[in-house]
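A.B. asks: My questions all concern the structure below.
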Amino acid sequence: MSMAQRLLVLACSRSAGEALAALEATGQTLPPDVTWVNLPCGGSVDVLHILRALEAGAEKVWVLACYEGACESLEGNRWAEKRVQWVQALLQEIGLGPERVVFRAISPTMAADLKAWLEEE
Amino acid sequence: MIVAERKPMVEILASIQGVSRLLVVGCETCVAVCLAGGAKEVAVLSAALRLALRERTSAVEILERSVERQCEEEFNAPLAEDIAKVEAVLSMACGVGVQTLAEQFPDAIIYPALNTQFMGRPEAPGIWAERCLGCGDCVLGRFGGICPITRCSKSLLNGPCGGSSNGRCEVDPEHLECAWQLIYDRLARLGQLERLYAIEPPKDWRSAHDGGPRRTTREDLRL
Amino acid sequence: MNPMPGRPRGVIVLGAAPEALCAVRELAALGYAVAWLPLEEAQAPAALPPNVAIYPAAELVGLGGYAGAFCAQVRRGEAIECLPGAAVLIALGNARCYPQERYGLPLGPRVLTPPQARQRLKDRTLEALLSHRKAHFLVMLDWGGETSRETAVEALHTARALRQNHAEVTLFYRDLKVDSAPLERLTRRMREEGVVFCRYIEVEVRFEEGGVHIAAPDGLVRGDMLILPEAVQPHPATLPLAALLKLRVGKDGYFQEVNVRQVRPGLTNRKGIYVAGRCHMDADREAALEDVSHVVASLDAFLHSLDEPPSGPTAEVERDRCIRCLTCVRTCPHAAAEVVEREGITAAYVEKAACWGCGICAAHCPVQAIALKGQAVPSWLAPTAQGVSIR
Amino acid sequence: MSDRPRAAVIGGGIAGIAASLNLAQRGIGVILIEREAQLGGNASTVCCKAVGGVCQHCGGCLFRDHLRALERAEGVSVFLQTHVERVERREGRLALLCERAQGEALSFEVPAVILATGFDHISPLAKGPYGYGLLPHVITGRDLEALLQGRGRTACNELPLGKVAFIQCVGSRDEHNGRGYCSQVCCRYALRLARVLQESRPEAEIAFFKMDLQTSGRDMAETWAAARGAFRIVAGMPALLERGAEGKVAFRYEEVLTGRQIRESFDLVVLATGIQPRADAALLAEQFGLNQDPSGFFATAPDGVSTLVPGVFAAGCCQAPRSIAESIAHAHQAAQACVLYLGGRA
């Protein structure tokens, strides 16, 4: 598997993954230049995942995880957000735009919102 | 453990300016435990450097390694081959590790990637705090196991000063407890408050760094 | 296939609340060997099923093991004993207090709590008041803050009991909570029986000669006594027990911060440990006991599924790479990681039966010694792709 | 895994799925019968109500959670577009004679059945004077849920959100239409929805018209604390909703505490409709020989899950109004009772 260049989505499978599944159930597909990686929980999003993706040429990385208070592992989503903030600070330090990494909270019922975000991007 | 933190990226980038083949070496003892210089941090720093240097015209090659204890030559020995291949080495060990590499590989250019800070312990997840200054003449037994030299902002041996308020230190009330409050509480708990009547004489700092670089010799371990 | 094969497993029940007794009975009826640790002075019920062992004076000093094979370390006198159990159910209940600060009124001859009023009805010390003329009781809900569900229901029952003893009863409320069918029936019946319900936003309470006067929107109501519900608070053992068992406590001090995925009956952050009743919810007695049935049902199903291999990814430690930094132990929200000696190596170990596969430990490990087994990550993301550790 | 299913669950909403999962966890083969073309029922139409990046614990996401678990579960056979035509008792077993989409007949013989047939939303038309369907900008909470789920949060931008009135107890606690009960969920979803609206459009002025707000429970603590300060809460129910000036909706209400009669106009009115027994509840009750309570929900023994017919259990909102989380919990209990019943017969 190689990576599409425009956008990499590191997704908590319980929230974002389900929202994508719901979106796909309505016959819609991801744009071809978006790569989607389902992870078991936002907490398993590693700063290295994000950096490796940027190294591999991704223009943008989204980390999607549950809303605060909805993570099955209690704080996986908060770790995910912290790691995104950490990478953003690092990118700033090395002169790259911190906006290349984005954290967003999502829930399984937000297929329509996911679609809108993808269209916006 | 020895606690350290990564240097600002700007400083690291400045130090390796013009280097096109680089070795990043981590240490898997103290600095790995304080999440500053283990294999993971080596990978993270290397990835960040590759990203930062991507715009540069010449290609940059970064090797990633980490060793058990960078302050021991035996653990570093296998690095010789890699070191020979690169123009510079970025050490993610404490200052001891960095110097060991420099001594061991006299022809290599070694840069530190960390600022070595203090001897301390994790106070809470993500927070490390200083506990020992390495003065070479431990006084903990007299102060209920709390070091006034390290933990009192003024290193007072006959404290507290007037800046102790509600158990906090005036130097940084938000983060610092008054060491002398801690000492009092602990001695009270141990029923040893009378210890505080003793006036501590001025400390002899010759056993500390003030007496110049220190070394320890164990004759029984030498032939 | 028999849905109830032998049930060799046991369950450890912690707590002395009425919910605990209910849980013990339900679990015993399902065939479990129940080890019941009330953890506080409590009157042991007269008759317990034969498969229940009660340890009245035992102190819980630790909990070893994991889902399917817990071991409660219990001090009885000098000795420490290990009680095995496949699951743990906590039913501590809560604690009560009279919130004098909120009401700004001390208890006294004219101010009673519902339990006090019930007691006086029982020991007939209200008799004089009730018989000599029509006594009038004023019951005040939600005064100075919301009354808890449990104590509000208790106040309703008390109001009804007073009414049934031929007193006049006026019940002041802001929002009448009828969010369960039994409550709805109760309040309807109370109205039929002649309890007067009076809605207020602000009231003024004055004690004057001969009684309590409440200036409410409907006018001035004069009564003989004011009944003020108690407040509930977390059981004092909640925090220590949570620390001992590595369970999460919410900001409000009750077990388990409300988490939408863990509202499923009684789940905690640890597999095989369940909480039931008022130690994790604001419930009246009926609702609390109903919760116990829900929790027992989900616990029983869980224990049946234990023989199946866990599905989904779990964290696995490459133990000879571990530097025993304890980061995983400290960050695992499910208390699945520990540093132990196994096969001669002292290193981190993640118990599969306790792991939820969230990967928080793997993403934290400073030497990349933990991987999520069963989780495919594209090769270009694989964190260990480029680094070499020399040992 | 058992070869023969030992229980049938009728209704593939959140309660039916939760009951099936509980049984499957114990290795009991389950037949899950759903009338519609997909699983989910009412719980699948609930939108996410997180605000400020924080979950409000509405439970809307639990449906997909359970659906995923069901996909992984072994021993649950799902029959969609299938409904029970007739029930026969055969030597203590229940024979369910069903019909599938194209008139295909199917029958199952099982020792036990869990009914999880859910509920219908009370039609706002039942409250005629509220003008639903006649006045523009009078919608139900459910319409709002569907809008937010179908089009995302940005849909809020198209709503006329100046002054908004949420009217509670539309159809519930109303003896006149035979629904004297509280529907349990409406105050919760309405307060949460109002916070979602307010987050998207902070300029919205939101008022709640209510009899009694049901705000107890830990899951409501944060929502209620935030709502109390942010919304105008009026004790008083509107009478007749009318067309006001400039496309607004106008109505008169009596403030209960002061007795004042007030007329006010709103840009948007959201009716918090409640829960009622399904239209076919009486038919199912007849098929299975069950009793209904005075409100039409399936009557149960004091345990809340056993109907008066041996081997038939009720889970979720077909027994009484419940939230999503409560339906799940209740379904677990129904499954447990079912297992005990099966065990007792083994």
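The values are calculated or read from the model by the stated rules, or taken from the named source; none is laboratory data. This is a predicted model, so every value here is computed, not measured. Cβ: placed from backbone, ideal geometry, glycine included. Neighbour counts: every protein chain shown. Surface accessibility is based on the protein's heavy atoms, side chains included, excluding ligands, DNA and RNA. Shrake-Rupley method; radii C 1.70, N 1.55, O 1.52, S 1.80 Å.
A.B. asks: Would you kindly find the accessible area of C:Tyr173, with a 1.4 Å probe and non-protein molecules such as ligands, DNA and RNA excluded, rounding to the nearest 10 Å²?
C.D. replies: For C:Tyr173, the solvent-accessible surface is approximately 20 Å².
A.B. asks: Go through the range C:327-369 and name the GluC sites (Glu not before Pro) that are in a DSSP coil and have 14 or fewer other Cβ atoms within 10 Å of their Cβ.
C.D. replies: On the way: sites: C:Glu338, C:Glu341, C:Glu343, C:Glu351; in loops: C:Glu343, C:Glu351.
Loop-located and lightly packed - C:Glu343.
A.B. asks: Where the centroid of each part is defined by its Cα atoms, how far is the range D:307-346 from the range D:37-80 in Å?
C.D. replies: So the two Cα centres are separated by 19 Å.
A.B. asks: Per residue, how many Å² of accessible area does chain C show with a 1.4 Å probe? Could you put the intermediate results ahead of the total?
C.D. replies: On the way: 16470 Å² over 391 residues.
Per-residue accessible area for chain C comes out at 42 Å².
A.B. asks: Something else about it: Given a 1.4 Å probe, show me the residues in the range A:92-112 buried by at least 10 Å² of accessible surface when comparing the whole protein assembly to the chain alone.
C.D. replies: A:Glu93, A:Ile94, A:Leu96, A:Arg100, A:Ser107, A:Pro108, A:Thr109, A:Met110, A:Ala112
A.B. asks: Most fluctuating residue of C:Ala86, C:Ala216, C:Ala72 in a GNM of chain C with Cα springs under 10 Å: which is it?
C.D. replies: Looking only at C:Ala86, C:Ala216, C:Ala72, the largest GNM fluctuation is found for C:Ala216.
A.B. asks: Out of C:Leu130, C:Leu27, C:Leu92, any idea which swings most in a Gaussian network model of chain C, alpha carbons joined below 10 Å?
C.D. replies: Of the options given, C:Leu130 has the highest mean-square fluctuation.
A.B. asks: Here's another thing I want to ask about it. Whole Å is fine, so just give me how far the alpha carbon centre of the range B:1-35 lies from that of the range C:141-207.
C.D. replies: Centre-to-centre distance over Cα atoms comes out at 68 Å.
A.B. asks: Now a separate question. Within 15 Å, Cβ to Cβ, of B:Ser58, how many net charges do the neighbouring residues add up to if Lys/Arg are +1 and Asp/Glu are -1?
C.D. replies: Details: positive: B:Arg21, B:Arg50, B:Arg54, B:Arg56; negative: B:Glu55, B:Glu61, B:Glu87.
With Lys, Arg at +1 and Asp, Glu at -1, the net is +1.
A.B. asks: Which value, in Å², gives the accessible area per residue of chain A when a 1.4 Å probe is used on the protein heavy atoms? Numbers along the way, then the final one.
C.D. replies: Numbers: 4120 Å² over 121 residues.
Per residue, chain A has 34 Å² of solvent-accessible surface.
A.B. asks: Please report the antiparallel percentage of the DSSP beta bridges confined to chain D, to the nearest 5.
C.D. replies: Numbers: 30 of 63 bridges.
If I count the DSSP bridges inside chain D, around 50 percent turn out antiparallel.
A.B. asks: If I take every Cα pair under 8 Å that is 6 or more residues apart in chain B, average their sequence separation and divide by the length, what percent do I get for the relative contact order? Write down the numbers at each step before the final one.
C.D. replies: Details: 344 pairs, mean separation 38.8, N = 223.
Relative CO of chain B lands at 17 percent.
A.B. asks: Please go through the range C:223-267 and write out the trypsin sites (Lys or Arg not before Pro) that DSSP classes as loop and that have at most 12 other C-beta atoms within 10 Å. Intermediate results must be reported in sequence, preceding the final value.
C.D. replies: Working: sites: C:Lys246, C:Arg248, C:Lys251, C:Arg261; in loops: C:Lys246, C:Arg248, C:Lys251.
When the trypsin sites (Lys or Arg not before Pro) of the range C:223-267 are filtered for loop state and at most 12 Cβ neighbours within 10 Å, C:Lys251 remain.
A.B. asks: Okay, next question. When DSSP beta bridges are limited to those with both residues in the range D:122-274, what percentage is antiparallel, rounded to the nearest 5? Provide the component values of the computation, followed by the final result.
C.D. replies: On the way: 11 of 28 bridges.
DSSP beta bridges in the range D:122-274 are roughly 40 percent antiparallel.
A.B. asks: A further question on this structure: Report the calculated FRET efficiency for D:Leu308 and D:Glu109 (r = Cβ-Cβ distance, R0 = 22 Å), to the nearest 0.05.
C.D. replies: Working: r = 21 Å, r/R0 = 0.98.
According to the calculation, E is roughly 0.55.
A.B. asks: Choose one answer from B:Gln181, B:Gln17, B:Gln104: the residue with the largest mean-square fluctuation in a GNM of chain B with alpha-carbon springs under 10 Å.
C.D. replies: The residue that fluctuates most here is B:Gln17.
A.B. asks: Within a Cβ distance under 15 Å of D:Ala331, other residues only, what is the Lys/Arg minus Asp/Glu net charge?
C.D. replies: On the way: positive: C:Arg264, D:Arg26, D:Arg322; negative: C:Glu290, C:Asp291, C:Asp300, D:Glu34, D:Asp65, D:Asp303, D:Glu326.
Result for the local shell: -4.
A.B. asks: Around B:Asp204, under 10 Å between beta carbons, what's the net of Lys plus Arg minus Asp minus Glu among the other residues? Numbers along the way, then the final one.
C.D. replies: On the way: positive: B:Lys203, B:Arg206; negative: B:Asp137, B:Asp210.
Its environment carries a net charge of 0.
A.B. asks: For every helix of n ≥ 4 consecutive DSSP H residues, a contribution of -39,500 (n - 2.57) applies; sum these over the protein assembly as shown, divide by its total residues, and give [θ] at 222 nm rounded to the nearest 500 deg cm²/dmol.
C.D. replies: Numbers: 29 runs with 294 residues, N = 1081.
The helix-only estimate for the protein assembly as shown comes to -8000 deg cm²/dmol at 222 nm.
A.B. asks: Out of C:Gln233, C:Ala215, C:Gly277, whose Cα points farthest toward the positive end of the dipole of the range C:203-278 (charges: +1 Lys, Arg; -1 Asp, Glu; placed on Cβ)?
C.D. replies: After comparing all options, I get C:Gly277.
A.B. asks: Restricting to bridges with both residues inside the protein assembly as shown, how much of the DSSP beta-bridge set is antiparallel, in percent to the nearest 5?
C.D. replies: Numbers: 84 of 180 bridges.
For the protein assembly as shown, the DSSP antiparallel bridge percentage is about 45.
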